[in-house]
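Chemist: Sharing a structure below in structure tokens format, with a few things to ask.
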Amino acid sequence: MKLPLIPFDGSRFRIDSAEKMMTAEASELTGFHFSRLYDDACDIGIAISSPYTGLIATFYLSKTDADNEDTYGWNFLPCVEDLRKNPTLEGWKVLVIND
């Protein structure tokens, strides 16, 4: 079962509609952290609330940008359940930069 998450405010993200990309620096997201998405799996991610519609979308961690010493950022994609409820999320990506 999907776990409820406290969403980050979508107005904190820079939105590029043409590229379907939302970007924010971790320091701009008060209390930035990952959360478990499901009670029976170890997938982690974040939730973002739309400043326009109030809808909340959940994104899973798809990739971490890092080398042997530093983490530069985290890439997220929409969860399947959210894509079913809101097909307009198709193709959207979220990048949180570790500043």
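Chemist: Please list, ordered by residue number, the strands (runs of 3 or more DSSP E) wholly in the chain having 2 or more residues that are free of Cβ contacts under 8 Å to residues at least 60 places away in the same chain, touching a Pro at 6+ places or on another chain (Cβ under 6 Å) and among the small types (G, A, S). Steps first, please.
Modeler: Details: elements: 14-16, 21-25, 44-49, 56-66, 71-78, 93-97.
Hits in the chain: 44-49.
Chemist: Let me ask something else about it. Can you tell me which residues in the stretch 31-62 are touching a strand residue (DSSP E or B) at 6+ places or on another chain (Cβ under 8 Å), of a type in the set (S, T, Y) and farther than 12 Å from K93 by Cβ?
Modeler: Scanning the stretch 31-62 gives S35, Y38, S49, S50, T58.
Chemist: For R84, are the conditions met, namely being of a type in the set (K, R) and either within 15 Å of the chain's Cα centre (by Cα) or closer than 18 Å to D99 by Cα (or both)? If you could, list the steps in order and put the result at the bottom.
Modeler: Values: of a type in the set (K, R): yes; either within 15 Å of the chain's Cα centre (by Cα) or closer than 18 Å to D99 by Cα (or both): no.
So R84 fails the test.
Chemist: Same structure again: Can you tell me which residue in the stretch 64-81 is nearest to L29 (Cα to Cα), limited to those that are among the aromatic types (F, W, Y) and surrounded by 13 or more Cβ atoms within 10 Å (Cβ to Cβ)?
Modeler: My answer is W74.
Chemist: From the list L61, L29, which residue is closer than 16 Å to N98 by Cβ and either loosely packed, with under 15 Cβ neighbours inside 10 Å or modelled with pLDDT of 95 or more (or both)? Even if it seems obvious, please write down each step before you answer.
Modeler: Numbers: L29 fails: either loosely packed, with under 15 Cβ neighbours inside 10 Å or modelled with pLDDT of 95 or more (or both).
Result of the check over L61, L29: L61.
The values are calculated or read from the model by the stated rules, or taken from the named source; none is laboratory data. Nothing here was measured: the structure is a model prediction, and the numbers come from that model. Ideal geometry is used to build each Cβ from the backbone, glycine not excepted, and the neighbour counts take in all protein chains shown.
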